[in-house]
Structures are given as C-alpha cells and as structure tokens.
Amino acid sequence: MRWENVYVAGIGTYLPDGTVTAAEAVADGRYDAANAEASGVRAVRVAADDEPGPVMAAKAGRLAIERAGVAAEDIDLVLHAYVGHQGQELWSPAHYVLNETVGGRAAAIELRQGCNGALAATELAASYLVARPDTTAALVTTGDAFKLPHIDRWSADDQTVYGDGGAAIVLSKRGGFARLLATATRSEPSLEPLYRGTEWTAAPFAEGKPVDLTARKDSWLMRNEDAYDDALALISENFAEVLQEALADAGTTLAETQWFVHANVSRQIAEWGFHKALGLDVSTTPYEWGLDHGHMGNSDQFMGIDHLIAEGKPKAGDKLVTIGVGIGFMWTVAVLEFTETPAW
C-alpha cells in the first residue's frame with residue numbers, strides 16, 4: 001500500500017537501567033555457553049519490578065508525543081503491541097497507555113502479533129488515519145519485560161535472547177521528520193504450528209514451568225524429514241515477496257535505500273537471513289547496537305530507527321526499510337523517506 005500524506009512525526013524509546021551481560025549469565029549457569037557464542041548477543045536491559053511493559057511503553061509514548069509536538073487532543077488512536085505478560089491478567093494495557101500518555105477518549109486497542117506487532121500496528125494506524133478525514137494523529141506503543149517464572153530470557157528460545165524495553169511512534173497527517181511511503185503485509189498461516197508446537201494447554205502457566213519455545217519448534221519440525229526445509233523455503237519466499245511489494249509500492253528498490261532495520265536477532269539469523277541474503281552493508285543497520293540489547297519483543301524496529309537518528313545518520317532524502325516478522329506467521333515491511341534530520 002502506498003501512502004500519501006502520512007508522516008512519522010515523533011519517535012520515543014525507553015530502556016530500563018538494569019543490565020545483565022551474556023558473560024554474567026553464562027557464568028551463573030543461566031545461559032548456555034555454546035548458544036552465547038553462536039548468537040553474539042553481548043547484553044540485555046532488565047526492567048525493575050515496577051516496570052512492566054505498559055509502564056515502559058507509556059514512558060516511550062510521552063517522549064514520542066513531545067518530540068512530535070502534537071497536542072494530546074490530536075491523538076485519535078492508541079495502539080499498544082506486546083508479546084508477553086503485561087503486569088496483570090484480564091485487563092487492558094492499551095487503556096493504561098492511553099491514560100498515562102494523552103488521556104481523553106481516543107480508541108485504545110491492543111495487538112498480539114508477536115514480534116511483528118509494532119509494524120503491523122503502524123500499518124493499521126495509517127489505515128485508520130487515511131480512512132477518517134476528521135483524524136489527525138495516532139500513537140503506536142510497544143513494551144515488554146520478560147520475567148521468570150513465565151519466561152526465561154536466556155533459554156526460552158535457543159536462537160534468541162530477550163531484552164526489556166518500550167518504544168513508540170506518532171503518525172500524523174500534518175507532517176513529520178519522515179514520510180511513510182509504503183507498507184506491505186502478508187501471512188503464512190501454515191507455519192502457525194511452529195510456535196504452538198503439537199500440544200495444547202488448559203491455561204497460562206498451567207504446567208508451572210517457563211515457556212519453552214525451542215521444544216515447541218522442535219516438536220513440529222521433527223514431525224517428518226522435510227518439515228525443516230519446507231519451513232525455511234516458505235519463510236524465504238514470503239520474506240522476499242513482501243519486501244518487493246513494499247519497495248514497488250514506494251517506487252524504489254533496495255539498492256536505492258540507505259538504511260535497513262530488522263529485529264535484534266542472533267548473529268546466524270542476521271547474517272544469513274538479512275545481511276548476506278540481501279547484500280546489506282552492516283553499517284547501514286543498527287545490528288551492532290542491537291547486540292547490547294537483545295530482542296525486545298516488538299520494540300526492536302522503533303528502537304533501531306531511534307538509534308540511527310540519535311547517531312545522526314539518516315539525512316533528508318534518505319530512505320529506510322524496516323521489516324518485522326511475527327509468529328503466525330506474518331511479515332510487515334515499511335518504507336520511510338526522511339524529510340529532515342530530527343533536532344533531537
């Protein structure tokens with residue numbers, strides 16, 4: 001989908017003060033040494049007990065709104081995306097974020113689309129603004145704190161280390177530091193069992209043990225000798241097609257873009273899934289920065305864009321591609337064009 005007159009007006013992030021290094025986790029017996037060597041992740045931020053996902057999301061949201069320079073009453077929609085536990089069961093974290101950022105009576109909705117939540121929400125927010133002539137701006141927030149006994153950040157997934165944090169963007173029809181040129185989304189539901197596994201549970205935390213995503217993946221991928229190769233082929237095919245769709249709608253090519261932001265994934269996934277597959281120069285990505293923060297649910301893309309801006313890298317006229325991949329499976333790609341280098 002090509003967008004006209006939709007802008008990223010503000011972006012904000014929040015990182016908790018707590019830090020744990022991979023070396024410390026290995027020394028304490030919490031992280032497998034071989035996995036640590038393979039992943040390349042050096043450290044993660046760890047939220048305090050009074051910093052669940054929505055608290056960090058709201059802090060990031062307030063910063064994004066301040067940077068955007070929009071009035072609270074101009075926010076017509078709040079979308080809050082997350083992966084894990086949000087500090088309480090059976091409540092609405094989206095309305096906490098609404099109340100703690102702009103207040104008022106805007107629609108506040110939560111999204112559970114795995115690690116693709118931020119970009120999926122961005123596309124939905126753009127659709128909402130364009131479809132309603134009387135709207136001005138939308139706030140998209142993300143936030144997660146991965147805590148035991150529910151999730152062990154070091155061992156829940158043998159290819160991923162989870163870090164804590166929150167992020168937010170403000171989309172506006174009145175202008176901003178970057179134009180949202182295009183977005184594209186596609187699903188591959190045949191891969192849904194990859195993170196469900198082959199068993200059902202009666203309730204959250206029913207077995208009293210931390211989530212084991214590795215076991216779920218293994219149970220499904222081991223069902224026959226072709227399952228692993230078939231899954232990789234489908235992932236590669238969908239990734240390539242959704243990327244080309246977004247670039248075509250934006251009227252550009254990957255070679256004509258200057259920056260690429262993917263999730264903070266492990267070394268092996270980043271190198272073979274993104275850098276080598278697309279011929280990317282790693283210096284055009286926030287990959288090295290991400291190794292000191294880990295995979296922060298669906299905050300990685302906003303975090304990565306904000307980091308590039310903080311480094312003063314994107315200039316007016318530069319294009320940036322960012323991609324999210326969420327369990328389900330679903331991919332979303334967004335293409336931005338910077339209109340200026342933000343003052344912050």
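In the context of the full set of protein chains, the range 11-59 has a per residue accessible area of 45 Å² (1.4 Å probe). If only the Cβ of Lys and Arg carry +1 and only the Cβ of Asp and Glu carry -1, the dipole of the range 180-306 around its Cα centre is close to 280 debye. Within the chain, the longest run free of exposed loop sites, counting GluC sites (Glu not before Pro) that sit outside DSSP helix and strand states (H, G, I, E, B) and have at most 11 other Cβ atoms within 10 Å, spans 90-198. Heavy-atom surface analysis with a 1.4 Å probe gives the chain a carbon and sulfur content of 51 percent of its accessible area.
Relative to the longest principal axis of the Cα atoms of the chain, helix 300-310 runs at roughly 50 degrees. For THR136, the residues whose amide H sits under 5 Å from its own are ASP76, ignoring neighbours fewer than 5 places away on the same chain, with H placed 1.01 Å from N.
In the context of the full set of protein chains, residues of the range 159-316 present 45 Å² of accessible surface per residue (probe radius 1.4 Å, heavy atoms only).
Amide hydrogen proximity for ALA81: with H placed 1.01 Å from N in the peptide plane, the residues at 5 or more positions away or on another chain lying under 5 Å are LEU111, THR141, THR142, GLY143. The structure shown yields Cα Rg over 2.2 N^0.38 Å, and of the options (1) 0.95; (2) 1.17; (3) 1.01 that calculated value carries the label (1). Between ARG223 and THR339, residue separation times 0.36 nm minus the direct Cα-Cα distance comes to 36.7 nm. Each residue of the range 183-193 was assigned a 3J(HN,Hα) from its phi angle through the Karplus curve 6.51 cos²θ - 1.76 cosθ + 1.60 (θ = phi - 60°); the sequence is 9, 8, 9, 8, 10, 9, x, 5, 8, 3, x Hz, with glycine and proline shown as x.
Dipole of the range 156-212 computed with +1 at Lys/Arg Cβ and -1 at Asp/Glu Cβ about the Cα centre; of VAL170, SER187, THR201, farthest Cα towards the positive end is VAL170. Entry note, the chain: relative contact order of 26 percent, from Cα contacts under 8 Å with a spacing of 6+ residues.
Here the range 66-129 is assigned +1 on the Cβ of each Lys and Arg and -1 on the Cβ of each Asp and Glu. Its dipole about the Cα centre then comes out at about 120 debye.
Rounded to the nearest 20, the Cβ-based charge dipole of the chain about its Cα centre (Lys and Arg +1, Asp and Glu -1) stands at 740 debye.
Along the charge dipole of the chain, which of ALA125, TRP220, THR284 sits closest to the positive end, that is, farthest toward it, with unit charges on the beta carbon of Lys, Arg, Asp and Glu (+1, +1, -1, -1)? Checked the options; the winner is ALA125.
Using the Cβ of THR185 as centre and a radius below 14 Å, the other residues enclosed give a net charge of -3, where K and R count +1 and D and E count -1. Computed on protein heavy atoms with a 1.4 Å probe, the accessible areas place THR13, THR332 in the order THR13, THR332, largest first. Electrostatic tally near TRP331: other residues with Cβ closer than 13 Å to its Cβ, Lys and Arg +1, Asp and Glu -1, net -4. Under 30 Å of direct C-alpha separation, and excluding same-chain neighbours fewer than eight residues apart, LYS315 reaches these lysines: LYS59, LYS173, LYS276. Taking amide H positions as modeled 1.01 Å from N, with prolines and chain starts lacking one, the residues under 5 Å from ALA182 and 5 or more places away or on another chain are TRP3, VAL335.
The values are calculated or read from the model by the stated rules, or taken from the named source; none is laboratory data. The structure displayed is predicted, hence computed values, not measured ones. Cβ: placed from backbone, ideal geometry, glycine included. Neighbour counts: every protein chain shown. Surface accessibility is based on the protein's heavy atoms, side chains included, excluding ligands, DNA and RNA. Shrake-Rupley method; radii C 1.70, N 1.55, O 1.52, S 1.80 Å.
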